[in-house]
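The block underneath contains the structure these notes are about, expressed in C-alpha cells.
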Amino acid sequence: MVATPPGDSARLVTLLEANLQDVAVLEEDATPRRTILRVSAKWGRYRVLVTEIISTAREYRYYVLDGALVIAGFDNAADPRATDLRYGKQAKRHYGENVPHLHHSNKIGLELTEEVTCVDFIAWLKENLSEAR
Amino acid sequence: MTVQVAIQDRFAQMLAPWGDLRQTVDVALRRFAIEQITTKINELRRRDQEFAVKYGCDYEAFKHKSARDAQFVTNVESNISAVWELDLAEWQFCHEGVRDWSQRLQEILLD
C-alpha cells in the first residue's frame, strides 16, 4: 500500500502555492508502494525545485537555483560527503544511509541538517532569501 | 470484498451474449488493469533507461557509486548535472516503480 494518504500531495501543492510564485506540478504519480511529487516554482528571481517521494521512508529535495547556480539544496540523499561529515572515520559503515544535509555556495559548501520538511524549507527561504520576494 | 458500480444499460446489453454479467465485467476489469499496468511499466522503464543513458550506468550502479565515492559525485556534478540528487529521486521512483507494478501485475496474473 502507498504509505501516505493521497491528499498529502495536494496539501503540499497548496502550501507551495500559498508561499511561492508560478507553482507548476511537474509530476504527481503513485505505484502500489510509493508516491512522487515534483514541483517547480519561483521565489523572486530564483527557481525552486521540490521533489518528495513517500514510501516506507521519506525522501526529499528542496533546491533553489539562480540560473545554473545552486544557491541552496536541502536533501537527504545518501551523499558520501555528508556521510563523511556526519560519521568521520566510521563513515564507511554508513554509506548508503540517507543523511539530511544542505548544499550551498553552488555546492562548494555542505552542512548537516535535521530532517527538513517543506514548511521548514519555506521558512528558510523567507529568512535567508527574503530580498528575492 | 465487493464494490457496487452501476453499469450503463447499453454496456449491459452489449455484454449479454457473453453470459453472466458479473463474470464478464470482472474479466473486462482484469484485462483493463493488466493493460494499464503494462503501459505504466513500459513508461517507467523508458524513463529509467533515459537516466541510465544520461549517467552512463544503470540505476543500481549509480545508486551504489553515488553513495560511496565522493570523487564520482564531484565528477557527476562537474560533467553531467549539478543537481543529480533531483534526478536520482526521479530515477528511483521509475526504477523501483517498475518493480512495484511488476509485482502487482504478477499478483493479478496469478489470481
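The values are calculated or read from the model by the stated rules, or taken from the named source; none is laboratory data. This one's a predicted model, so the numbers in the text were calculated from it and none came from an experiment. Here Cβ is always computed from backbone atoms with ideal geometry, including for glycine, and neighbour counts include all displayed protein chains.
Checking B:V76, B:V98, B:V27, B:V83 one by one, the residue that is in contact with a strand residue (DSSP E or B) (Cβ under 9 Å, 6 or more places away or on another chain) and not aromatic (F, W, Y) is B:V83 and no other.
Of the residues that sit in the stretch B:90-111 and are within 8 Å of chain A (Cβ to nearest Cβ) and acidic (D, E), which one is farthest from the chain's Cα centre (by Cα)?
Restricting to residues being within 8 Å of chain A (Cβ to nearest Cβ) and acidic (D, E), the top hit is B:E90.
Inside the stretch B:61-92, residues that are in contact (Cβ under 8 Å) with a residue 24 or more places away in the chain and part of a helix (DSSP H, G or I) make up a count of 8.
Of the residues making up the stretch A:87-124, those that are surrounded by fewer than 15 Cβ atoms within 10 Å (Cβ to Cβ) and under 21 Å from B:Q92 (Cβ atoms) are A:G96, A:E97, A:E115. The residue of the stretch A:62-83 that is modelled with the lowest pLDDT, among those that are within 13 Å of A:R47 (Cα to Cα) and within 8 Å of chain B (Cβ to nearest Cβ), is A:A68.
Anything in the stretch A:38-61 that is facing chain B (nearest Cβ under 10 Å) and more than 11 Å from the chain's Cα centre (by Cα)? List them, or say none. Step through it out loud before you land on a result.
At the first step, the residues of the stretch A:38-61 found to be facing chain B (nearest Cβ under 10 Å) are A:38, A:49-53, A:55, A:59-61.
Selection gives A:S55 alone.
Applying the condition of being among the acidic types (D, E) and touching a helix residue (DSSP H, G or I) at 6+ places or on another chain (Cβ under 9 Å) to the stretch A:86-133 and asking which residue is farthest from B:S66 (Cα to Cα) yields A:E114.
Per-residue answers, yes or no, for (1) farther than 30 Å from A:R81 by Cα; (2) within 18 Å of the chain's Cα centre (by Cα); (3) surrounded by 11 or more Cβ atoms within 10 Å (Cβ to Cβ):
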site: B:T2; (1), (2), (3): yes, no, no
site: B:Q8; (1), (2), (3): yes, no, no
site: B:M14; (1), (2), (3): yes, no, yes
site: B:L21; (1), (2), (3): yes, no, yes
site: B:I37; (1), (2), (3): yes, yes, yes
site: B:E43; (1), (2), (3): yes, yes, yes
site: B:R47; (1), (2), (3): no, yes, yes
site: B:K54; (1), (2), (3): no, no, yes
site: B:C57; (1), (2), (3): no, no, yes
